[in-house]
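**Q** One structure, pasted below without further comment.
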Amino acid sequence: MLIIMDAQATSGQIEHVNNRIKELGYQPHAIPGTTRLAIGVTGNRDADDRVHLESLPGVQQVILVTKPYKLASRETQPEDTIVTVGSVRIGGGDVVMMAGPCAVESKEQTLRIAHKVAEAGAHILRGGAFKPRTSPYAFQGLGEKGLEILAVAREETGLPIVTEVVSPVDAKLVAHYADMLQIGTRNMQNFELLKIVGEIGKPVLLKRGMSATLTETLMSAEYLMSHGTRDVVICERGVRTFSSHARNTLDVSFVPALKKVSHLPVVIDPSHASGNRHSVIPLGLAGIAVGADALLVDVHDDPEHALVDGPQALPPDDFKALMQRLDRLAEALDRDLKPNRYAAEVGS
């Protein structure tokens, strides 16, 4: 349910409504960014529950939210959510670039790539310290050492960092270092992990599962939001189909479909969608063209010897070319690809 309060509602009336919601065994949620004073209600199971609330002093209207995802729905919050990561705003029209190595392999490698993507204009540094792999014999990441390296890269470049959390046990450790927590496609429906990450309260990049529907993806976002964090960004990274020309099929139709029903920002990951670097630039441009708020791209300065996903990683020169083409596309779409502070300083 969504409770619309009178414009003249007092703080005492608002507190009384919140307390009454809790007495009924439900959970109230303040709805940010709206032009009206609104309280979201989750946990109610019966449409008749609203009669207990609509007669309370200060309540103007009680609206039933028909979507199974309540807090992520535009029915609850019509205005777009803008997620702030460090000093970077995702959503609201500007185009944001997240880039870096798929895996943190060493301090030297990570710092080299971090400076390269920062010089080219990236806004957020990506890099995996913990790597969930299909094979138990593959490189699993450097763990906390990798997080420490990412923190050094942030200090040197000024770029906030996003990195994946793969286990509830490591969630608080990752959050201690990261500006944004990534939930990977394999963990999209790891509900215990979603609950813990939601309670931490940091911005979250939630990757769509390789066979997940739009509703299933937003229900995972609902887990995060109902447990505390409102700053959720959805990532489309391709779905598994019968096609053999790419690792996955990038579903660009997911972007406008999600934006129609949800206020959450959307990111496109063309690297993991295709698995081939020759597809990354055209798929990334296509994602922005259909309305994505940001791109998430793998960059490596020696992809032939990368420990993880080398074939999909862009060399720094190709990444720079992507940024230049993205700048022209953003201008054509009447959007901005704002340079980061580092790039501006390097170019001055």
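**Q** Residue under question is ASP302, and the condition is that it be among the charged types (D, E, K, R) and surrounded by 15 or more Cβ atoms within 10 Å (Cβ to Cβ); does it hold?
**A** Judged against the criteria, ASP302 is not a match.
**Q** Of the conditions (1) surrounded by 15 or more Cβ atoms within 10 Å (Cβ to Cβ); (2) within 30 Å of LYS338 (Cα to Cα); (3) modelled with pLDDT under 85, GLY86 clears all except one; give me its number.
**A** (3)
**Q** May I pose another question? ALA118 - would you say it is among the hydrophobic types (A, V, I, L, M, F, W, C), within 23 Å of ASP309 (Cα to Cα) and either in a loop (DSSP other than H, G, I, E, B) or over 26 Å from the mean Cα position of the chain (by Cα) (or both)?
**A** Criteria not met by ALA118.
**Q** Now for a different question. Could you please let me know if LEU218 is over 26 Å from PRO311 (Cβ atoms), part of a helix (DSSP H, G or I), free of Cβ contacts under 8 Å to residues at least 60 places away in the same chain and not hydroxyl-bearing (Ser, Thr, Tyr)?
**A** no
**Q** Out of curiosity, is ILE113 over 24 Å from LYS259 (Cα atoms), assigned to a helix (DSSP H, G or I) and in contact with a Lys or Arg (Cβ under 7 Å, 6 or more places away or on another chain)?
**A** So ILE113 fails the test.
**Q** Among the numbered criteria (1) in contact with a strand residue (DSSP E or B) (Cβ under 6 Å, 6 or more places away or on another chain); (2) in contact (Cβ under 8 Å) with a residue 60 or more places away in the chain; (3) more than 30 Å from GLY40 (Cα to Cα); (4) not in a loop (DSSP other than H, G, I, E, B), which single criterion is violated by LEU150?
**A** The number of the failed condition is (2).
Listed here are the residues, each with its yes/no results for (1) in contact with a helix residue (DSSP H, G or I) (Cβ under 8 Å, 6 or more places away or on another chain); (2) assigned to a helix (DSSP H, G or I).
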| residue | (1), (2) |
| --- | --- |
| VAL233 | no, no |
| SER243 | no, no |
| ALA246 | yes, no |
| ASP251 | no, no |
| ALA257 | yes, yes |
| ALA273 | yes, yes |
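**Q** With the structure loaded, tell me whether GLY291 is out of contact with any Cys (no Cβ under 7 Å at 6 or more places or on another chain), on the phi > 0 side of the Ramachandran plot and touching a residue at least 24 places away in the same chain (Cβ under 8 Å) or whether it fails that test.
**A** In short, yes.
**Q** Condition first: among the basic types (Lys, Arg) and under 30 Å from GLN182 (Cβ atoms). Can you find one or more residues in region 9-26 that meet it?
**A** no
The values are calculated or read from the model by the stated rules, or taken from the named source; none is laboratory data. Bear in mind that the values here come from a model prediction, so they are computed numbers and not experimental data. Positions of Cβ are backbone-derived with ideal geometry, glycine not excepted, and every protein chain shown enters the neighbour counts.
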